[in-house]
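Accompanying notes for the structure given below.
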Amino acid sequence: MTDAIYPQVRVAPVRLLNPETVEQLLNLLAGTGGIRRILLKGQSIPAEVPYGPARGAPNPHSKRRTIVVLGEEVDLRTHVGTIIMELESIDALPAIREACDQVFTRFPYSIQEGRFMKTHATTSDYAKYGPDADELLLGLVDPKSRKGPVILQGSR
């Protein structure tokens, strides 16, 4: 299980992010050492219209795109509002702040320290991954999702 000794930070811009901004920020953060996990939170953008008279029709949303992070294509399935990170140590915070300063030039953001991810296995984690789940996946499960999380190998 993930120990509570790992510090967590949340980057909260004042607006929802475009896919280009998310791609730029993730590539800068992936090059920084000291980040264990990154969780993108925001409004879900389904590939198909989930309800109403157009149910099942393709959802032509301009923010649902494929981005390239660390040379790997990733389908962005959310309109990102906040980015939560679990760090190996708090020493990585200045590098994160520098990356955010480079990307967020036209609008403000805040970086908050606290506890934002689950640190123990939840019922959803147990149901999706079983009793021997990888500790880096804990708390990142969307129980309704049919797709698993995107795992990128960073600077480790």
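The values are calculated or read from the model by the stated rules, or taken from the named source; none is laboratory data. Everything numeric in this text was worked out from a predicted model, so none of it was measured. Every residue, glycine as well, gets a Cβ built from its backbone with ideal geometry; the counts of neighbours run over all protein chains shown.
Structure values in brief
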| quantity | calculated |
| --- | --- |
| Failed criterion for residue 56 (all others in (1) of a type outside the set (A, V, I, L, M); (2) exposed (fewer than 12 other Cβ atoms within 10 Å of the Cβ); (3) in contact with a strand residue (DSSP E or B) (Cβ under 8 Å, 6 or more places away or on another chain); (4) not in a loop (DSSP other than H, G, I, E, B) hold) | (4) |
| Some residue of segment 67-84 being on the phi > 0 side of the Ramachandran plot and surrounded by 11 or more Cβ atoms within 10 Å (Cβ to Cβ) | yes |
| Enumeration of residues in segment 27-45 that are over 19 Å from residue 62 (Cβ atoms) and either polar (S, T, N, Q) or touching a Leu at 6+ places or on another chain (Cβ under 8 Å) (or both) | 27, 30, 32, 34, 35, 36, 37, 38, 39 |
| Candidates 83, 67 - the one that is assigned to a strand (DSSP E or B), over 19 Å from residue 110 (Cα atoms) and out of contact with any His (no Cβ under 6 Å at 6 or more places or on another chain) | 67 |
| Matching residues, segment 19-46, being surrounded by fewer than 15 Cβ atoms within 10 Å (Cβ to Cβ) and either assigned to a strand (DSSP E or B) or at pLDDT 95 or above (or both) | 20, 41, 43, 44 |
| When residues of segment 77-123 are limited to those that are without any contact (Cβ under 8 Å) to a residue 60 or more places away in the chain and not basic (Lys, Arg), the one farthest from residue 42 (Cα to Cα) | 91 |
| Residue in segment 103-111 that is surrounded by fewer than 12 Cβ atoms within 10 Å (Cβ to Cβ), hydroxyl-bearing (Ser, Thr, Tyr) and in a helix (DSSP H, G or I) present | no |
